[in-house]
1. Excluding R67 itself, what net charge comes from residues whose Cβ is under 12 Å from its Cβ, given Lys and Arg +1 and Asp and Glu -1?
2. Please work out the average accessible area per residue across the chain, using the 1.4 Å probe convention, and give it in Å².
3. Using the Karplus curve 6.51 cos²θ - 1.76 cosθ + 1.60 with θ = phi - 60°, what ³J(HN,Hα) values do you get for each residue of region 45-54, in whole Hz, with x for Gly and Pro?
4. Just grab the label-to-label distance for R41 and E123, each label 7 Å out from Cα along the Cβ direction, in nm (one decimal).
5. Quick check: net charge around A57, other residues with Cβ under 9 Å of its Cβ, Lys/Arg +1 and Asp/Glu -1?
6. At 1.4 Å probe size, with the rest of the protein present, what percent of the exposed accessible area of region 63-106 is carbon and sulfur atoms?
7. Show me the ranking of peptides 71-78, 128-135 by mean Cβ neighbours inside 10 Å, starting with the highest.
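The values are calculated or read from the model by the stated rules, or taken from the named source; none is laboratory data. Values in this document were obtained by computation on a predicted structure and should not be read as measured data. Backbone-built Cβ (ideal geometry, glycine too); neighbour counts: all protein chains shown. We work out accessible area using only protein heavy atoms, side chains counted, and drop any ligands, DNA or RNA first. Shrake-Rupley method; radii C 1.70, N 1.55, O 1.52, S 1.80 Å.
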Amino acid sequence: MDGYQGLSALIESAWKELNGSDADRRDLCLDVVSDVLETGRLTQGDAERTVERLVMAALSGRGYPVRESALHAVCTASTHYELPYRVVEPLAVGADGFEPLLLEYVLSILGSTHEQVALPVVERFLEHPHPEVRREAAEAVHELCWSRESAQGETA
């Protein structure tokens, strides 16, 4: 088994554990997925498929620790892969249902897409009652506006 197959096997094992009955291990298996994403060694397609599954875990009713671990793993992926908005769009659709700490993850993820379609979603949270959420929304808006200005500068 080469290194890539080993990474794929680790992720598949983690998915099996996530679907298992041991509630205490569910969030820990997502740490394994996060570690694999952190290597940056997956293909773009495999990374996107992994993130899609993590997004579904984050939106699931599996409990706060699992949802937080899934969002943390997506954040990790966003630092090593260019995640298209379409992959994380379900987070944008479900953003209002997240607790403030988890919403901070969601806003960071949306900002990292660098796609302008995320801007209206993120801007809605600039007036959120929690200051940490407002701060993360402002950072995401800054990131999205910076990427728009960079793109415009490249086409000029």
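1. Local net charge: -1.
2. Numbers: 7950 Å² over 156 residues.
Here the per-residue accessible area is 51 Å².
3. Couplings: x, 5, 5, 5, 5, 5, 5, 4, 5, 5 Hz.
4. Rounded to a tenth, the inter-label distance reads 4.3 nm.
5. Spelling it out: positives minus negatives among the neighbours equals +4.
6. Values: 950 of 1680 Å².
The computed percentage sits at 57.
7. Values: 71-78: 23.6, 128-135: 13.8.
Final packing ranking: 71-78, 128-135.
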